[in-house]
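Read through the structure below, which is laid out as structure tokens, and then see the notes.
What follows is calculated from the coordinates using simple rules that are stated; it is not laboratory data. All of these numbers come straight from a predicted model, not from anything done at the bench. No Cβ is skipped: glycine too gets one built from the backbone with ideal geometry, and neighbour counts run over all protein chains shown.
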Amino acid sequence: MQYHYDIIDTDFGKFFILDSSKGLHYFIKNNDLRVKKIKKELSPTRNLFNSSLKNQLSKYLKGKQKNFSCKINFLSGTDLQKQVWAQLQKISYGKTISYSHLALKTSYQKAIRAVATAVGKNPIGIFVPCHRVIAKNGRLGGYAWGIQMKAKLLDIEVNGMADSIYRGGK
């Protein structure tokens, strides 16, 4: 299989994106240690297979697109991680869910910390919306790319409305 990549420059920094005919595989910070390993192991060619991904991301970051139209294909991950990542894709634009509520949607209902760790290891950030998972008490919790970025992504989704709208959790 031929893999394709590109580097996307955003207000949040540079991101590495990898896709193929099977779908989107990675969207991670370009300085992530995995980038070098991915390039070495998969030998991707420059320019994305799905050239619309960059445009879709740009529109999303401007608040002009709510959903991404692309296949998602995880190249790695445990059963727990894949279950969590599948559930992340079901969280609606502009909505949030707590880590504990997310755990209840998997077969690992009592493994809240493991579920939270899986959220943090999501290899396709933004497109698989891990930023929509918050703490049960309504606080933002953590985010692999920094809490400020998480808050900004949520602000984009609710058009900058007050914290109480999207940080209530379930």
Placing one equal point scatterer on each C-alpha of the chain and summing with Debye, one gets log10 I(q)/I(0) at q = 0.17 Å⁻¹ equal to -1.06
Pull out a ≥ b ≥ c, the square roots of the eigenvalues of the alpha-carbon gyration tensor of the stretch 1-40, then state rounded if a/c is under 1.5, prolate if not and a/b is larger than b/c, and oblate in the remaining case. oblate
Using just the helices of the chain, give the 222 nm mean residue ellipticity in deg cm²/dmol: DSSP H runs with n ≥ 4 each add -39,500 (n - 2.57), and the total is spread over all residues, rounded to 500. -10000 deg cm²/dmol
Expressed as an acute angle from 0 to 90° and rounded to the nearest 10, what is the orientation of the C-alpha long axis of helix 33-42 relative to the principal long axis of the chain? 40 degrees
Along the principal axes of its C-alpha atoms, what lengths does the stretch 81-154 span, in descending order and rounded to whole Å? 31, 25, 20
The stretch 1-101: C-alpha gyration tensor shape, a/c 1.5 cut-off, then a/b vs b/c: oblate
J(HN,Hα) series, the stretch 126-139, from Karplus relation 6.51 cos²θ - 1.76 cosθ + 1.60, nearest Hz, glycine and proline x: 6, 5, 10, x, 5, 5, 8, 9, 10, 6, 4, 7, x, 6
Check: the chain dipole with +1 on Lys, Arg Cβ and -1 on Asp, Glu Cβ, in debye: 240 debye
Once both axes come from the Cα atoms, what is the angle between helix 79-88 and the longest principal axis of the chain, in degrees from 0 to 90, rounded to 10? 70 degrees
